[in-house]
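Engineer: Just passing along the structure, written as structure tokens.
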Protein chains: 2
Amino acid sequence: MLRFINHFNTKTLDPFTLEKGYEAVRFEAHSGEVGYYDLPRQSQTLVAEVEALRPSIDKKYNTIAVIGIGGSSLGIKAIERLLRPGTPNAKKIVYLENSDPISVNQMISQIDRPRTLFIVISKSGSTVETLSIFKRVIVAFDLVVQNSDQIMAITDEGSVLARFADENGLCRFTIPANVGGRFSVLSAVGVVPLTLAGFDTMSVLKGAQSFLERFWKREEDHLLQKAAYYVTHAERYPMNVLFAYSDTFEEFGKWMVQIWGESLGKRNRRGERVGLTPIALIGSVDQHSFLQLIVQGPLNKTVTFMHIAESEESLMIPDLSLHYLEKSDFVNGHSFNELINAQCMATMKSVIESDVSVDEIEWKKIDEYSVGEMVLYYELLTSVSGALLEINTYDQPGVELGKQILEGYFKK
Amino acid sequence: MLRFINHFNTKTLDPFTLEKGYEAVRFEAHSGEVGYYDLPRQSQTLVAEVEALRPSIDKKYNTIAVIGIGGSSLGIKAIERLLRPGTPNAKKIVYLENSDPISVNQMISQIDRPRTLFIVISKSGSTVETLSIFKRVIVAFDLVVQNSDQIMAITDEGSVLARFADENGLCRFTIPANVGGRFSVLSAVGVVPLTLAGFDTMSVLKGAQSFLERFWKREEDHLLQKAAYYVTHAERYPMNVLFAYSDTFEEFGKWMVQIWGESLGKRNRRGERVGLTPIALIGSVDQHSFLQLIVQGPLNKTVTFMHIAESEESLMIPDLSLHYLEKSDFVNGHSFNELINAQCMATMKSVIESDVSVDEIEWKKIDEYSVGEMVLYYELLTSVSGALLEINTYDQPGVELGKQILEGYFKK
């Protein structure tokens, strides 16, 4: 369960802007133009299919190696990290992402070949990092691809990777054509590896579905307010900070950075450059790093404080007084979770007092259902903001030139 | 060895601004007001002292647990991560930082008590996270503090932690009073744990010293240009991105974010809010996330591209052509390091073509000497920029209010 509080001033918002945002995403969903709105319901069938595969997978494998980058890894990592403390027996997942030789080599050397299922994920089917690492994995482990039940593929229908998988008789799952990579975590991209690993993805989907239905019923209008506020103040506040109080939000923050930055940084219809810059911070650590800039630097950021009321872990600060160190005794006998929540509240208060626009998201606790709600929340927030910015939220034309230059380097 | 290239337009810079920046830091260094300038030379004696302790430490311990947060952990982590691939036999270092109950518990449960040396680091001596975790460690492992040779402290002379350490007969190292937490990595804060772990900190210091001397001799004026450019364009480009092409820069990026954000986000003499926002990205991963925003979003960022010419790791992309996937064969037979470097070059070219202000830092390879140079480079860049912004680069008054509110919560 999540609680949303907009501390910024919502009174000056134009009600028409909210309606415009709502209608735009409703149109996207109903026209079938954008597919992620259907995933919370659609993917429930997929979970059942994948669950049916589990007994044979469980017998053979204790590790899943995800070969994918960007939208094909960030969402999986985000959900895994959040749910891992409550699902300690889930299979290990390793991620082969970056073209960094040190990382690739380290990951490969850690893999127990006979006990690892390899899942190659690429929407286009032709991502250079993913295919290069896949080739390296084939050679390093002497994998026989033909009819292998140790390799799966997740990709668009009709992509080159799909054809490769079919020709080799590999198990293959499809990403709907109208679901973009960064909006794909609730498609096969996230559902297949996480379900196979043993995470309760059905509850994630139900949480997502519930949030979406509440949003359509206008029970989550705080989201429309926030999108309208961010877009209306885009020039004044070009940066949006997510200050999340738990290390388990680290990968979630990276997922948020992708969906926000890559979706909204665009040229609009008039060819003007628009966009909002996401920044993901972790509390309390970044109180010792970035906070000073928020409090006394230029007022060019909004901040979202995120915290967890009840933790899985009840670890206490001992009631131990050490001579000379008594100044810190005020937290003795409290739990670390009380401390980190109080730090979040105290920091939020001080940031509000320094005139920064703040909102707050409270998790009652981290569970599958809330994770699903949170994913849908950020996807919808992005879509509404994109609609208000009058851009195409779902493409990424700016990264094509670099890819062409790269091919040019190697081909000459 | 590092190579610095400013691709942005340096012609419009006012030569007087460069001189002003240079003179300001020279004054800081010569007056003794700011102490980090002395560390590269000063700490060489410390390395010798710490090396003398190593034989007895090596016999007893295979792990170092650093209990510290912010300036007391970020720099150590940054250097460790960069040097670890070339120093595989160094002791394991674990970091107890955040007040997150899940992390604290996970870290503690992984620690092999008899084989672990605990180093408590806090400049002020009263950091609430650090002392709470220290208490938890004492209780969890039933440590007898009195005359323990398993606990060390690093703190300011005269701090409460120093008095506690002395009363209990603990080994203690001092952070010079004129060295701020975020500028302390080349003091005992970084030198003691890294040397004890087995890293060649002497070479790090020599690299730092060499960069500093070249800077004083006006052989590194590109740094003055960059600081002047950033400060002159602070309103137009309020964000400075470091796009570093290797996963081993992940912690370095966080260290950079702290030193840049916390030093420069201030009220200036006239009470105006000034500052520059740091953003740390990793290539090629963030090409699939943040790049679109840089290329087509608002022109409000500078970007520094950082890459490594020669890698420790020569891993190759196999010369393997897979049916249907031939489109990626252009990288076959090349090393992953060639790929990631070419990705950096191609992306940099595309970013420059989209009118973004870019500079480039090339590492010949990651070694101790270059790490030292890089640390001094960013420290000096911060100091010059702070001087040009006419702020106090070395304090952090904005975080005090939150601390007071926190104490208030617990005391009532």
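Engineer: Along Cα→Cβ at 7 Å, what distances in nm separate the A:Asp58 label point from those on the other copies, shortest first?
Structural biologist: Shortest to longest, the spacings are 4.9 nm.
Engineer: Between helix A:400-411 and chain A, what is the angle of the helix's C-alpha long axis to the longest principal axis, kept within 0 to 90° and rounded to the nearest 10?
Structural biologist: Value to nearest ten degrees: 40.
Engineer: Now for a separate question. Ranking A:Met306, A:Met1, A:Met345 by Cβ neighbours within 10 Å, fewest first, what do you get?
Structural biologist: Ranked by crowding around the Cβ, least crowded first: A:Met1, A:Met345, A:Met306.
Engineer: In nm, to one decimal, how far is the modelled label at A:Asn147 from the one at B:Thr232, with both set 7 Å along Cα→Cβ?
Structural biologist: 7.0
Engineer: Against the longest principal axis of chain A, how steep is helix A:188-197, in degrees 0 to 90 to the nearest 10, with axes from Cα atoms?
Structural biologist: In chain A, helix A:188-197 runs at an angle near 90 degrees to the longest axis.
Engineer: To continue, here is another question. Tally the DSSP beta bridges in the protein assembly as shown and give the antiparallel ones as a percent, rounded to 5.
Structural biologist: 15
Engineer: Among B:Ala387, B:Ile366, B:Tyr377, which residue has its Cα furthest toward the positive end of the charge dipole of segment B:351-412, with +1 on Lys/Arg Cβ and -1 on Asp/Glu Cβ?
Structural biologist: Checked the options; the winner is B:Ala387.
Engineer: Helix A:221-232 sits at what angle to the longest principal axis of chain A, using alpha carbons and giving 0 to 90 degrees rounded to 10?
Structural biologist: Approximately 90 degrees, to the nearest ten.
Engineer: For a test of the definition: using alpha carbon positions, the gyration tensor, and the 1.5 limit on a/c, classify chain A as rounded, prolate or oblate.
Structural biologist: On the way: a/c = 1.70, a/b = 1.26, b/c = 1.35.
Because a/c hits 1.5 or more and a/b fails to exceed b/c, chain A counts as oblate.
Engineer: For segment A:287-313 and segment B:63-139, compute the distance between their C-alpha centroids and round to whole Å.
Structural biologist: Answer, in whole Å: 23.
Engineer: Students often forget the sequence filter, so: which aspartates and glutamates lie under 18 Å Cα-Cα from B:Lys364 once same-chain residues fewer than 8 apart are removed?
Structural biologist: A:Asp100, B:Glu220, B:Asp247, B:Glu310, B:Glu312, B:Glu313, B:Glu338, B:Glu373
Engineer: Have a look at A:Met239, A:Met152, A:Met107 and tell me which one the Gaussian network model of chain A (Cα, springs below 10 Å) gives the largest fluctuation.
Structural biologist: A:Met107
Engineer: Calculate, for A:Lys365 and B:Arg163, the FRET efficiency according to 1/(1 + (r/R0)^6) with r their C-beta to C-beta distance and R0 30 Å; round to the nearest 0.05.
Structural biologist: 0.15
Engineer: Taking neighbour Cβ counts within 10 Å as the exposure measure, how do B:Cys171, B:Cys344 sort from fewest upward?
Structural biologist: Ordered from fewest to most neighbouring Cβ atoms within 10 Å, B:Cys171, B:Cys344 come out as B:Cys171, B:Cys344.
Engineer: To continue, here is another question. Determine the relative contact order of chain A: mean sequence separation of Cα pairs under 8 Å and six or more apart, normalised by residue count, in whole percent. Let's see the in-between values first.
Structural biologist: Numbers: 706 pairs, mean separation 95.3, N = 412.
That works out to 23 percent.
Engineer: Taking segment B:144-277, how many lysine pairs are there with alpha carbons less than 22 Å apart, if each pair must be eight or more places apart or span two chains?
Structural biologist: Final tally of qualifying lysine pairs is 5.
Engineer: Within 10 Å of each Cβ in peptide B:68-76, how many partner chain Cβ atoms are there on average? Round it to a whole number, please.
Structural biologist: The mean count of partner-chain Cβ atoms within 10 Å per residue comes to 2.
Engineer: Tell me, B:Trp260, B:Trp216 in order of fewest to most beta-carbon neighbours within 10 Å?
Structural biologist: Result, fewest neighbours first: B:Trp216, B:Trp260.
Engineer: Sticking with this structure for a sec: For a test of the definition: using alpha carbon positions, the gyration tensor, and the 1.5 limit on a/c, classify segment B:34-199 as rounded, prolate or oblate.
Structural biologist: rounded
Engineer: Now, a different point. Using a Cα distance threshold of under 21 Å, what count of lysine pairs results for segment A:34-199 when pairs must be 8 or more residues apart or interchain?
Structural biologist: Close lysine pairs found across segment A:34-199: 8.
We did not get these values from a lab; they are worked out from the coordinates using the rules stated. This is a predicted model, so every value here is computed, not measured. Cβ sites come from the backbone with ideal geometry, for glycine too, and all protein chains shown count toward neighbours.
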